[in-house]
Structure formats: C-alpha cells, structure tokens
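Colleague: If you scroll down you'll find the structure; I have some questions about it.
The values are calculated or read from the model by the stated rules, or taken from the named source; none is laboratory data. Not measured: the values here are computed from a predicted model. Here the Cβ positions follow ideal geometry from the backbone for every residue, glycine too, while neighbour counts run over all protein chains shown.
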Amino acid sequence: MDALETVVDQPLAEVEAALRQALAAEGFGVLTEIDIAATLEAKLGVHRPPMKILGACNPSLAHRALELDPSLALLLPCNVVLEDAGEGGTHVAIADPRSLLSAGEIDDDRLLALGVEASTALERALAQLGR
C-alpha cells in the first residue's frame, strides 16, 4: 500500500500531540483512536511496542468525495498509524489518498483531484512534525 511516511526523533506521545495539531491546522479532526498495543495486551496477552491508529477526517473533503460516490465511505476516515521506531523515535504513516482513490472503478478527474488535494494537506501536516 502506498503511504505518506516520516520518522521523527521524538517519543510517540509527543509526536501524536504534534500530529493532532498539524492535522487540525489542515482541517482534519481525529474521529477514532485505536491503541493497538493496549488492545493486543488486553485481549491476547501479547506485548508489542506502542502502536496507535488515528482515524482522521476532513469533513469538507469527505463530503465532496461522498457526493462523487457514496461507496467512498469505505475509505473514511483516513488511517494514520504511529508506531515506536526504536531509540526514542516514532514512525508515522498515512494511507495515501491518491493511491486509494485511483484504485477504484470511477474514472473521474474530480476524484483524482480530490485525492491530490487530500494527500497534499496530509503531506503538509507530516512536514510540521519534528519542527
């Protein structure tokens, strides 16, 4: 899967706080949060390094996508994964909307443009990390 990615030399909790602010500055809110490490520990007794999935959504972009094709709800919200990269660093990966939207059956320039717009906003948010 294509992803927008970066590694930041800061602990996960600090990167998560900065990422939430950067996403908000780009019009994205976090609708869901899944603490993978805590869930696997609680449900399976499996210990793993910290990992979280944040479900980020830009309401304006989501509305426009759903106007083009209601089945695009299957791609919402955008998954943002934060995981321990070792040595105090954090790996951040976001599913690339360009890739997700070009994989469908719709051949629509408006949809492709929407994917570029969403990806560009997410790339700007990633660029704010570690500053």
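Colleague: Among all residue pairs at least 6 apart or on different chains, which show Cβ distances below 6 Å where the first residue, located in region 70-81, is crowded, with 17+ Cβ neighbours inside 10 Å and the second is of a type in the set (V, I, T)?
Modeller: Filtered contacts from region 70-81: N79/I53; V80/I94; V81/I53.
Colleague: Taking region 1-14, which residues are over 13 Å from the mean Cα position of the chain (by Cα) and β-branched (V, I, T)?
Modeller: Listed by number, the residues that qualify are V7, V8.
Colleague: If G27 passes every condition in (1) modelled with pLDDT of 95 or more; (2) farther than 28 Å from V8 by Cα; (3) in a loop (DSSP other than H, G, I, E, B) but one, which one does it miss?
Modeller: For G27, the failing item is (2).
Colleague: Got a sec? Which of E5, E16 is in contact with a strand residue (DSSP E or B) (Cβ under 9 Å, 6 or more places away or on another chain), surrounded by 18 or more Cβ atoms within 10 Å (Cβ to Cβ), among the charged types (D, E, K, R) and under 15 Å from L129 (Cα atoms)? It would help to see each step written out before you state the result.
Modeller: Numbers: E5 fails: surrounded by 18 or more Cβ atoms within 10 Å (Cβ to Cβ).
None of the others qualify; the one that does is E16.
Colleague: Let me ask another. If the requirement is being buried (at least 19 other Cβ atoms within 10 Å of the Cβ), within 28 Å of L12 (Cβ to Cβ) and either charged (D, E, K, R) or at pLDDT below 95 (or both), which of these qualifies: D96, D84?
Modeller: Numbers: D84 fails: buried (at least 19 other Cβ atoms within 10 Å of the Cβ).
Answer to the selection: D96.
Colleague: With (1) within 22 Å of G130 (Cβ to Cβ); (2) touching a strand residue (DSSP E or B) at 6+ places or on another chain (Cβ under 9 Å); (3) surrounded by 13 or more Cβ atoms within 10 Å (Cβ to Cβ); (4) in contact (Cβ under 8 Å) with a residue 24 or more places away in the chain as the list, and C57 as the residue in question, which single condition is left unmet?
Modeller: (1)
Colleague: Moving to a separate point now. Restricting attention to region 77-100, does a residue exist that is in a loop (DSSP other than H, G, I, E, B), within 17 Å of A125 (Cβ to Cβ) and more than 12 Å from the chain's Cα centre (by Cα)?
Modeller: Initially, region 77-100 is screened for residues in a loop (DSSP other than H, G, I, E, B), giving 77, 87-88, 96.
Of the ones still in play, those that are also within 17 Å of A125 (Cβ to Cβ) are 77, 96.
Imposing the further condition that a residue be more than 12 Å from the chain's Cα centre (by Cα) reduces the set to none.
No, region 77-100 has no match at all.
Colleague: So L66 clears everything in (1) over 17 Å from the mean Cα position of the chain (by Cα); (2) over 17 Å from G115 (Cβ atoms) except one condition, right? Which one?
Modeller: In the conditions (1) over 17 Å from the mean Cα position of the chain (by Cα); (2) over 17 Å from G115 (Cβ atoms), L66 misses (2) alone.
Colleague: If D108 meets every condition in (1) closer than 19 Å to E5 by Cα; (2) surrounded by fewer than 17 Cβ atoms within 10 Å (Cβ to Cβ); (3) in contact (Cβ under 8 Å) with a residue 12 or more places away in the chain apart from one, which number is that one?
Modeller: Condition not satisfied by D108: (1).
Colleague: Mind checking whether some residue in region 38-50 is surrounded by fewer than 14 Cβ atoms within 10 Å (Cβ to Cβ), touching a residue at least 24 places away in the same chain (Cβ under 8 Å) and assigned to a strand (DSSP E or B)?
Modeller: no
Colleague: Test A121 against the stated conditions and say whether it is among the small types (G, A, S) and in contact with a His (Cβ under 7 Å, 6 or more places away or on another chain). Reasoning before the result, please.
Modeller: Working: among the small types (G, A, S): yes; in contact with a His (Cβ under 7 Å, 6 or more places away or on another chain): no.
Spelling it out, it is not the case that A121 is among the small types (G, A, S) and in contact with a His (Cβ under 7 Å, 6 or more places away or on another chain).
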